[in-house]
Amino acid sequence: MNFNSPLYQMADAIDAFPPYVFKFKHDFKFDTWKHKVDQYLDDVDELTKSNNLSDPEADGGTTSVHFNFNNLNAEKFSWYGSEDYGKMHKYGLPSQWPELKEFYDHLDHMLGYIQVEWGSRAEWRRFVSENWINRHPKGAWTREHHHQNAAFATVAYLDLPPNSGFLEIRNPLENLKKGETIDGMYWTDERNWGQVECETNDVLVFPGWLSHRTQKNETNDNRYVLSTNLQFATKVQEEAEIKPPIEREPVAPPWLVGKYEELQREQKREEAGGALKDSDIDKP
Ligand SMILES: [Fe+2]
């Protein structure tokens, strides 16, 4: 869409209804915990390849979405947590990470407003159903898909290098466009797809039914995106007292030392001002 065309200079664009997509900002300070994400994604790459798992990622993209589900043959991996929700990997899911607590509080606050704008009641409770991180090196992208069953799909740009490609959404009214008198090139040019321009630290919220994909990352720098699905709690779930992810039990102790653990240990040694055994550092 060219919102800079003369038309938009001469006339106001009016949509009488709430938008499908909201955008707000959050400072993720991603550089301080990027190592953890790289380790997490290297581990899921191993799981995805060895179990031949499918996902919408293409041409080198990695997604940790598989850690939301109990996959077969996970026990053989050194980073395996347990079969409980959120423990597939010893780090758990991003929504359980202390590095993201502030973000999930912020998101919760924003969704309170958005759900009312879209027609739900303020008191209806939500919970995080799935969450994952995608890493797109040069050439990688995400194929068209939707987030079935999610009342809210959210996309957070942890690192979006300049010119590394945006999210594209499919016009949900495209079947009505087929009844309009339009040039056939409308479809050839894929004008039923619209890009959502963003930068690092932007957060998008849209309904799970809205089909979307990403543009290719054409740069030499990785693009990192955190995705979170939320659903409304049913009466049964309400009675089961859903806890926010951050309050769930901590993940399994680290028996594999990766880059992230090494950094954490170094930091704790420095803080303690002396030599500490790894076993002492790893104690909860
Ligand atoms: Fe998606």
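In the stretch 4-19, is there at least one residue being touching a residue at least 24 places away in the same chain (Cβ under 8 Å) and within 17 Å of the chain's Cα centre (by Cα)? No, every residue in the stretch 4-19 fails to be touching a residue at least 24 places away in the same chain (Cβ under 8 Å) and within 17 Å of the chain's Cα centre (by Cα).
Given the criteria modelled with pLDDT of 65 or more, over 20 Å from the mean Cα position of the chain (by Cα) and buried (at least 17 other Cβ atoms within 10 Å of the Cβ), does Gln215 qualify? No.
Test Lys49 against the criterion of being surrounded by fewer than 20 Cβ atoms within 10 Å (Cβ to Cβ), assigned to a helix (DSSP H, G or I) and away from the ligand (no atom under 16 Å from the Cβ), and give yes or no. Give the derivation first.
Numbers: surrounded by fewer than 20 Cβ atoms within 10 Å (Cβ to Cβ): yes; assigned to a helix (DSSP H, G or I): yes; away from the ligand (no atom under 16 Å from the Cβ): yes.
It is true that Lys49 is surrounded by fewer than 20 Cβ atoms within 10 Å (Cβ to Cβ), assigned to a helix (DSSP H, G or I) and away from the ligand (no atom under 16 Å from the Cβ).
Quick one: is Arg143 surrounded by fewer than 16 Cβ atoms within 10 Å (Cβ to Cβ), within 17 Å of Ala233 (Cα to Cα) and either within 16 Å of the ligand (Cβ to nearest atom) or not small (Gly, Ala, Ser) (or both)? It is false that Arg143 is surrounded by fewer than 16 Cβ atoms within 10 Å (Cβ to Cβ), within 17 Å of Ala233 (Cα to Cα) and either within 16 Å of the ligand (Cβ to nearest atom) or not small (Gly, Ala, Ser) (or both). Looking across the stretch 1-31, the residues that are under 29 Å from Tyr113 (Cβ atoms) and either part of a helix (DSSP H, G or I) or β-branched (Val, Ile, Thr) (or both) come down to Tyr8, Ile14, Val21, Phe30.
Quick one: which of Met88, Met110 is at pLDDT 95 or above and more than 16 Å from the ligand (Cβ to nearest atom)? If you could, list the steps in order and put the result at the bottom.
Numbers: Met88 fails: at pLDDT 95 or above.
Matching residue, one of Met88, Met110: Met110.
Of all residues in the stretch 65-121 being in contact with a Leu (Cβ under 6 Å, 6 or more places away or on another chain) and over 22 Å from Val21 (Cβ atoms), which is surrounded by the fewest Cβ atoms within 10 Å (Cβ to Cβ)? Top of the filtered list is Ser78. Can you find even one residue in the stretch 69-88 that is within 15 Å of Leu226 (Cα to Cα) and not charged (D, E, K, R)? Scanning the stretch 69-88 turns up no residue that is within 15 Å of Leu226 (Cα to Cα) and not charged (D, E, K, R). Selection within the stretch 126-139: residues that are crowded, with 21+ Cβ neighbours inside 10 Å and of a type in the set (A, V, I, L, M, F, W, C). The member of this set that is farthest from the ligand (Cβ to nearest atom) is Val128. For the stretch 88-110, check the following and say yes or no: at least one residue is of a type in the set (Gly, Ala, Ser), on the phi > 0 side of the Ramachandran plot and assigned to a loop (DSSP other than H, G, I, E, B). Yes, because at least one residue in the stretch 88-110 is of a type in the set (Gly, Ala, Ser), on the phi > 0 side of the Ramachandran plot and assigned to a loop (DSSP other than H, G, I, E, B). Mind checking whether some residue in the stretch 59-79 is of a type in the set (Ser, Thr, Tyr), at pLDDT below 90 and assigned by TED's automatic domain parsing to the domain that holds Leu167? Checked against the condition, which is being of a type in the set (Ser, Thr, Tyr), at pLDDT below 90 and assigned by TED's automatic domain parsing to the domain that holds Leu167, the stretch 59-79 yields at least one hit.
The values are calculated or read from the model by the stated rules, or taken from the named source; none is laboratory data. Remember, it's a predicted structure, so these values are computed and weren't measured experimentally. Glycine also receives a Cβ, built like all others from the backbone with ideal geometry; neighbour counts cover every protein chain displayed.
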